[in-house]
1. Kindly state, to the nearest 0.05, the FRET efficiency for LYS59 paired with MET168, given R0 = 45 Å and r defined as their beta-carbon distance.
2. What is the extension gain from TYR139 to GLU193, computed as 0.36 nm multiplied by their sequence separation minus the C-alpha to C-alpha distance, in nm to one decimal?
3. Please arrange HIS182, HIS48 by counting, for each residue, the other beta carbons lying within 10 Å of its beta carbon, fewest first.
4. If each residue of separation counts as 0.36 nm, what is the full-extension length gain between GLU283 and LEU104 once their alpha-carbon separation is subtracted?
5. Which whole number in µm²/s is D for segment 14-312 by Stokes-Einstein, with the Kirkwood Rh taken over Cα pairs at 10 °C and 1.306 mPa s?
6. Apply 1/(1 + (r/R0)^6) to the Cβ-Cβ distance of TYR87 and TYR10, taking R0 = 45 Å, and write down the FRET efficiency to the nearest 0.05.
7. Counting only other residues whose beta carbon sits under 15 Å from that of MET218, what net charge do I get with K and R as +1, D and E as -1?
8. 7 Å from Cα along Cα→Cβ at both SER231 and HIS48: what's the point-to-point distance in nm?
Amino acid sequence: MAEKKKKKHYSGIGGQAVLEGVMMKNGDRYAVAVRKPDGAIEVKTEEHTGVWGQKAMAKVPFVRGIFNFVDSLVLGMRTLTWSAEFYEEEPKAEEKAPGKAKALSERLVTGLTVVFSLLMAVGIFIVLPYLISGLFSSYVRNASLLAILEGVLRILIFLGYVLAISAMKDIRRVYMYHGAEHKCINCLEKGRELTVKNVRKSSRQHRRCGTSFLLFVMLISVILFMFIRVSDPVQRLALRLALIPVIAGISYEIIRLAGRYDNILVRIISAPGMLLQRLTTREPDDDMIEVAIASVEAVFDWKAFLREEFGYDIDAWKQQRKDGKNGVREAEDQMQRARQEMDDAVQKASERLRAAGEAIRRTGRIPVEEIARGMEAAALQADAAPEEETAAFRGDEISEEEADALRADAVSEEEVAAFQADAVPEETAAFQTDAVPEEEAAAFQAGAVPEEEAAERAEMPGSVSGGEQP
């Protein structure tokens with residue numbers, strides 16, 4: 001059995017959740033879509049070349065992870081601040097400032113916020129576990145075991161932090177938008193049309209998620225810190241801080257690899273991060289999915305991606321489906337017309353049979369020619385539709401026996417029997433089947449009148465007893 005291709009369909013887009021919205025980035029362009037308080041979707045699209053621009057160092061493996069990590073923090077803080085402006089109770093004072101001054105103040109606030117966030121992250125997830133593990137240094141003499149204990153404490157603190165903020169209502173909604181972001185990317189990379197229905201049934205976990213990146217940072221730090229053999233506590237802490245860029249670079253390369261390939265090793269490595277995303281993502285509602293789709297469409301031509309990666313054109317497929325529906329509708333109309341013509345033919349045959357029955361009652365003679373003409377006319381009308389149309393009416397599934405029956409018989413045997421039973425009295429049936437009693441036949445031929453009819457005529461006004469029959 002041939003081995004499956006392990007390379008995934010890589011879209012190259014990424015993003016993050018913001019307050020009541022989603023940010024998507026594709027190359028040097030990013031878009032933020034936010035659901036405003038009035039229900040409308042506001043989309044902002046801008047260029048973002050990164051803090052260090054297009055420098056060659058920003059593309060070197062393991063080094064590029066450091067630059068991308070800082071860029072993600074800067075862009076994430078900027079878009080988060082912009083989305084929060086829609087839900088402020090009072091406008092900020094700096095909004096009244098000129099455009100350049102406002103842009104400068106925004107960059108300054110963003111920079112200070114990023115620096116503060118980094119310091120808080122280092123303090124909570126690096127320094128705090130180190131200090132707590134140091135309390136056990138009197139009991140654990142092995143440096144490797146102490147480093148493992150420090151790593152376990154770091155992971156527990158991180159999980160506790162994620163669970164604690166998930167209790168906040170606003171953060172839960174951010175987690176829902178986080179799920180909408182993942183679902184949109186998974187929908188495209190699975191080759192599906194970007195619609196609310198398709199996005200809803202896509203997975204909310206993705207291997208290139210920032211949550212998985214942070215977990216890799218925790219795990220890789222445990223491995224690297226085990227090799228630090230410095231006895232001085234201050235130097236040991238300084239080395240841990242110095243290794244943070246190295247850890248970020250390694251973690252980025254692992255995330256990048258996991259997003260591009262699919263094999264057993266990648267699945268094993270990605271499993272912890274995918275499990276952790278069950279905490280940092282929630283199932284979004286349709287309104288949130290619409291916001292995420294608007295953000296994707298602002299920076300990414302997903303129709304071209306599906307055409308290049310999966311080999312089909314969404315617009316052409318929609319046109320074919322539309323033409324197919326029109327063809328089905330036209331076939332249904334033709335079928336309805338054919339049924340109406342069939343019903344008309346049956347009605348005319350029924351009327352002729354009833355007329356034949358009346359003629360038999362009046363004259364006592366079977367109008368064989370009239371019945372034959374009626375049946376022949378019905379058969380001709382039933383055969384008026386060409387064989388191709390008849391097959392089209394049946395969806396090209398008509399059997400040869402049914403086609404022969406339609407061409408040969410305009411009316412089914414059951415319908416003919418019904419017409420004969422409803423439209424022709426028993427005397428007519430007797431005549432048609434040569435079952436007329438000999439006495440009645442002789443009476444008709446001799447011009448005799450049955451006793452019942454003679455009695456009725458005798459009771460009629462103006463009748464002459466024993467007179468000549470009219």
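Values quoted throughout were computed directly from the atomic coordinates according to the rules given, and no laboratory measurement underlies them. Owing to the predicted nature of the structure, the values given are computational and were not obtained by experimental measurement. So basically every Cβ, Gly included, is an ideal-geometry build from the backbone, and we count neighbours across all protein chains shown.
1. That pair, LYS59 with MET168, gives E of 0.75.
2. Additional length available on full extension: 13.5 nm.
3. HIS48, HIS182
4. Using 0.36 nm per residue and subtracting the Cα-Cα distance, I get 60.7 nm.
5. After rounding, the answer is 76 µm²/s.
6. 0.80
7. Taking every other residue near MET218 into account, the sum is +1.
8. About 4.8 nm, to one decimal.
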